[in-house]
Amino acid sequence: QVQLVESGGGLVQAGGSLRLSCATSGSIVGIYTMGWYRQAPGKQRELVATITNRGNTYYGEPVTGRFTISRDNAKGTVDLQMNSLKAEDTAVYYCNVDLGSRVIWGQGTQVAVSS
């Protein structure tokens, strides 16, 4: 059974940085496209960033130039480095993987940015 476990959330001041990590098995990270999404209170879940098994990345417009997604196949992790954080980045951040037949989500990790 595929499981995703996020960590690294917390409270940070605007302009600061946080690094989120999503842990799963190395075989999953090395085969499938992994992604980070976020959901702020009262808003729909939105794409933050994705990374393919070949290392190709895509970023949502609000985070382009500030966030960086990376993966480590050996460790089975997908990280999200978040710099220059803004109050509007406050949300629950979720890791996901699309297995084709189904999409797996982690439990989420809270990020709060104080202005």
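Loop-located trypsin sites (Lys or Arg not before Pro) in region 1-75 (DSSP state other than H, G, I, E, B) with a sparse environment of at most 10 neighbouring Cβ atoms within 10 Å: 43, 54. Once C-alpha pairs closer than 8 Å and six or more residues apart are averaged by separation and normalised to the residue number of region 44-96, the relative contact order reads 23 percent. Each part reduced to its alpha carbon centroid, region 37-57 and region 60-115 end up 6 Å apart.
What's the carbon and sulfur percent of the chain's accessible surface, probe 1.4 angstrom, rounded to a whole number?
The value for the chain is 47 percent carbon and sulfur by accessible area.
A simple spin-label model places the labels of residue 39 and residue 114 2.7 nm from each other, with each point 7 Å out along Cα-to-Cβ.
Counting only C-alpha contacts under 8 Å and six or more residues apart, can you give the relative contact order of region 17-115 as a whole percent?
32
Shape class for the chain, computed from the alpha carbon gyration tensor (a ≥ b ≥ c): prolate, with a/c not under 1.5 and a/b above b/c. Residues of region 25-51 with an amide N closer than 18 Å to a point placed 7 Å from the Cα of residue 107 along the Cα-to-Cβ direction: 25, 37, 39.
Each Lys and Arg Cβ is given +1 and each Asp and Glu Cβ -1; about its Cα centre, region 1-79 then shows a dipole of about 20 debye.
The values are calculated or read from the model by the stated rules, or taken from the named source; none is laboratory data. A quick note: this is a predicted structure, and the numbers were derived from the prediction, not measured. For neighbour counting, all protein chains shown are included, and Cβ atoms are generated from backbone atoms with ideal geometry for every residue, glycine included. These accessible areas exclude ligands, DNA and RNA; they are computed on the full protein's heavy atoms, side chains included. Shrake-Rupley method; radii C 1.70, N 1.55, O 1.52, S 1.80 Å.
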